[in-house]
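Participant: Take this structure, written in structure tokens, and hold onto it; I'll ask about it next.
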Amino acid sequence: MHTKNYVLSACLLAGLSVYAQQQPTEKLDEVVVTDSKFELKRENSGKVVVNISREELEQNQGRTLAEVLNTVGGIEINGSRSNAGQSLSYYVRGGNNRQVLVVIDGVQVSDPSAIANDFDLRLLDINSIENIEIIKGAASTLYGNGAATAVINITTKKASGDKIAAQFTAVAGTNESQHDRNFSINDYQNRVGVNGTLGGVTYVAGFGNQYTDGLSAVIDENSDEKDAFSRYNANVKVGYAFSETFKVSLYGIYDHFDTAYDNSFPLEDAPFTSQSDQKRVGLSSEYKYGAGSLTLNAAYNNIERSFESNFPSAYDSDSYIVDIFNKYTFNDRFYTVLGFNYVEGRTNFGEKEETSNADPYVNVVYVSDFGFNMNAGARLNNHSEYGSHFIYNLNPSYTLKMGESYAKVFGSYATSYISPSLTQLYGDFGANPDLEPEEDRTIEGGLEFSSASSFRISGTYFNRREDNFIAYQTIDFDTFESQYRNALEIYDVQGVEAQLEANLMTGLTLRGNYTFTENKDKPGLRVPKHKVNGLVGYTFASRTFASVNYQYTGKRTDTDFSTSENLELKAFGTFDFYLSHTLADPNIKFFVGLNNAFNEEYTELIGYTTRGRNIRFGINLNL
């Protein structure tokens, strides 16, 4: 049954791509930024970059950031289909959390006290985001430690040109499993924001909250216990333009969530709770001169986490980030970046521990007038514990212009560097101060065709090699003593990604992607070998939008920790529906979304609850 669904989905994407070439089109004019730090036309970029616009985010209202990212080709956000407080695992191209870097408004964000030194996406309110640009593959030359499989570059909302503008969003809905069909409204989200421009001063301020109840974290048929999730977010940003060439902005952000959770070993209901608080302050400035600009991004980030359980614990970490870089353009052909990036992480395991990176880097993009393009970069990673390490990126591409259409072939060879986290080096469980950093090598090659800027289809092959991979290993099977160790083997992951985006006719939009991922040398836990996402959207008379989203997730392996066995989970497919309508007053919009419309029953995590059919509805007001 599921195999038929998969084949049907793949054939549908192929058929739609053929049909799209035959239809009237609308112009899709897109630039990409993350792969070079310049605004360059997509046709001149040789990397795999996915842009999620504000319009697309609004067509997913009511969903979390993790749910939206889970529809991007090559990405599996495990835990996004479960209880709202479920910990999230980021599997991009067969990698894991520590190989994905999150950047918010130009600053790397992470939690030095976390095992993977990663950033918890549960902290963020999707309604505060303007757009997201994702670069897949190694991008360590521009973004440093940890950017081995993807960079998720998030830009928050900016000030409008009005003196004052306000937005209000309210969402309510159900939060039920496949077997609990009470249709109780127990998921609430709200967001209010104000922004504007007064002379040379810009300002943005907002507050959001979410409260979700209704699901138990683990499956327990003998208990009615529910595990609630509560989050609130506050942000303020003030900017000043001293002149047309020099501007500065300051910001402060506070994010908090608390969630109930259950015992994981053994799997059973439990009255456990955890809290996470993030406080971030930062400065961003830009000075423009002639054909260049000098940018400074600096931030301080503090994250406090606590767990109330049979083994209570608390963590407090600090991050200091400075990224200063000069951009200069030579004759509209050479785009250069010369920068210095400093990142320091601190946390406390009985005594304060810290590590830092101080990295100079350079990146050059050459755009010829005969179709050849080259993106090349290098970084000298200077780590406080491991000394210096050279990483680099070579990314040639060739574009053949055909009127308003183009065909592009591209390739990439890139290295990346992932140092052990403070927890792996000095933490309370399994710490190993003798760990060596992980080194990754990524090769990519692909084709892209764009027809009149309204139809685009691309295919990419990737191969990633992991050396010194860090894993938590049992070293004494009598006492079950475990420790973080570097794997002696070299691991290879390979795969194929295909993506389609088209405007077939006025108002009709198609988006689709297919991913094949193969871990050649070790089990790819929770990573589907095949995954398909497809969306058909239509705008009726400019004020009503409707879409159908289908997701097929293939077979994957998970560990049953009650028996320590690896089990194969069945493939599944889900349909989501979305409808929005803007009133005659364009500032008022109503929307409704139906997730897992046919109440498909499947397992995301062995022993944990998965959401079934749920509905969300809400309103947007712009004043």
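Taken together, the values in this text are just the output of simple stated rules run on the coordinates, not laboratory data. Being a predicted model, the structure only gives us computed values, none of them experimental. Cβ placement follows ideal geometry from the backbone for every residue including glycine, while neighbour counts extend to all protein chains displayed.
Participant: Over the Cα atoms of the stretch 347-414, each weighted equally, I'd like the Debye log10 I(q)/I(0) at q = 0.15, 0.21, 0.23 Å⁻¹, rounded to two decimals.
Facilitator: -0.65, -0.89, -0.96
Participant: Which whole-number percent is the relative contact order of the stretch 296-348 (Cα, under 8 Å, 6+ apart)?
Facilitator: Result for the stretch 296-348 is 35 percent.
Participant: Students often check this: by mean Cβ neighbours within 10 Å, which of 368-374, 174-180 ranks highest, and how do the rest follow?
Facilitator: My ranking of the peptides, most packed first, is 174-180, 368-374.
Participant: Would you please name the trypsin sites (Lys or Arg not before Pro) within the stretch 433-530 that are DSSP coil residues with at most 14 other C-beta atoms within 10 Å of their C-beta?
Facilitator: Lys520
Participant: Compute the length gained on full extension between Phe372 and Phe577: take 0.36 nm times their separation in residues and subtract their Cα-Cα distance, giving the result in nm to one decimal.
Facilitator: On the way: separation 205, 0.36 × 205 = 73.80 nm, distance 4.22 nm.
Additional length available on full extension: 69.6 nm.
Participant: Lys and Arg at +1, Asp and Glu at -1: add these up for the other residues within a Cβ distance under 10 Å of Gly252 and post the number.
Facilitator: Taking every other residue near Gly252 into account, the sum is +3.
Participant: Quick one: if you stick a label point 7 Å off each Cα along the C-beta vector at Tyr287 and Lys570, how many nm between them?
Facilitator: Going from the Tyr287 label point to the Lys570 one covers 6.4 nm.
Participant: Additional query: Given 0.36 nm per residue, what is the gain on full extension from Thr506 to Ile588 after removing their alpha carbon distance, in nm?
Facilitator: Fully extending the segment from Thr506 to Ile588 adds 27.2 nm.
Participant: From the P(r) of the stretch 507-589, can you give the percent of Cα pairs sitting at distances over 14 Å?
Facilitator: That fraction is 71 percent.
Participant: Just for the Cα atoms in the chain, what are the lengths along the principal axes, largest first, rounded to whole Å?
Facilitator: 67, 59, 50
Participant: Here's a follow-up. To the nearest 0.05, how large is the calculated FRET efficiency for Val322 and Ala241 if R₀ is 35 Å and r is the Cβ-Cβ distance?
Facilitator: 0.95
Participant: Among residues other than Ile391 whose Cβ falls under 15 Å from its Cβ, what is the net charge (Lys/Arg +1, Asp/Glu -1)?
Facilitator: On the way: positive: Arg379, Arg441, Arg464, Arg465; negative: Asp359, Glu438, Glu439, Asp440, Glu466, Asp467.
Counting the neighbours of Ile391, the net charge comes to -2.
Participant: Can you compute the radius of gyration and Dmax for the stretch 400-489, using only the Cα atoms, both in Å?
Facilitator: Here Rg and the maximum Cα pair distance are 21.5, 70 Å.
Participant: Here's a follow-up. Using the charge dipole of the chain (Lys, Arg: +1 at Cβ; Asp, Glu: -1 at Cβ; taken about the Cα centre), state which of Phe229, Val548, Leu296 has its Cα farthest towards the positive end.
Facilitator: Val548
Participant: Further, regarding this structure: Compute the Rg/Rh shape ratio of the stretch 567-623: radius of gyration over Kirkwood radius, all on alpha-carbon atoms.
Facilitator: 1.21
Participant: Which order do the peptides 292-300, 495-503 come out in when sorted by mean C-beta neighbours inside 10 angstrom, highest first?
Facilitator: Numbers: 292-300: 17.0, 495-503: 21.2.
Those peptides, ordered most packed to least, come out 495-503, 292-300.
Participant: Evaluate E = 1/(1 + (r/R0)^6) for Asn263 and Glu436, where r is the Cβ-Cβ distance and R0 equals 25 Å; express this FRET efficiency to the nearest 0.05.
Facilitator: Details: r = 34 Å, r/R0 = 1.37.
FRET efficiency, Asn263 to Glu436: 0.15.
Participant: If you average the sequence gap of Cα pairs under 8 Å that are 6 or more apart and divide by the length of the chain, what percent do you get for the contact order?
Facilitator: Relative contact order, the chain: 14 percent.
Participant: Now for a separate question. Under 29 Å from the Cα of Lys158, which lysines turn up, not counting those fewer than eight places away in the same chain?
Facilitator: Partners found: Lys27, Lys37, Lys41, Lys47, Lys136, Lys237, Lys247, Lys279, Lys288, Lys327, Lys589.
Participant: Computed FRET efficiency, Cβ-Cβ of Ala546 and Asp220, R0 45 Å: what is it to the nearest 0.05?
Facilitator: For R0 = 45 Å, the calculated efficiency reads 0.75.
Participant: Right, something else. How much length would be gained if the chain were fully extended between Leu394 and Tyr300, taking 0.36 nm per residue of separation minus their Cα-Cα distance, in nm to one decimal?
Facilitator: Using 0.36 nm per residue and subtracting the Cα-Cα distance, I get 30.6 nm.
Participant: Would you list Ser542, Ser128 from fewest to most Cβ contacts within 10 Å? Could the numbers behind the result be given before it?
Facilitator: Numbers: Ser542 10, Ser128 21.
Arranged by neighbour count, lowest to highest, Ser542, Ser128 become Ser542, Ser128.
Participant: Would you tally the net charge around Asp35, using a Cβ to Cβ cut-off of less than 15 Å, leaving Asp35 out, and scoring K and R as +1, D and E as -1?
Facilitator: Net charge around Asp35: +2.
Participant: Which value at 222 nm does the chain reach when only helices count, each DSSP H run of 4 or more adding -39,500 (n - 2.57), with the total divided by all residues and rounded to the nearest 500 deg cm²/dmol?
Facilitator: My calculation for the chain gives -1500 deg cm²/dmol from helical runs alone.
Participant: Which of the trypsin sites (Lys or Arg not before Pro) across the stretch 290-347 are loop residues per DSSP, with 14 or fewer other Cβ within 10 Å? Let's see the in-between values first.
Facilitator: Numbers: sites: Arg305, Lys327, Arg333, Arg346; in loops: Arg333.
Counting only loop positions with at most 14 other Cβ atoms within 10 Å, the trypsin sites (Lys or Arg not before Pro) in the stretch 290-347 are Arg333.
Participant: If you don't mind, another one. Hey, can you rank 594-607, 207-220 by average C-beta count inside 10 Å, highest first?
Facilitator: Ranking, from highest mean packing down: 207-220, 594-607.
Participant: Could you give me the ³J(HN,Hα) list for the stretch 336-344, computed from phi with Karplus coefficients 6.51, -1.76, 1.60 and θ = phi - 60°, whole Hz, x at Gly and Pro?
Facilitator: Calculated HN-Hα couplings, in order: 10, 10, 10, x, 9, 10, 10, 10, 10 Hz.
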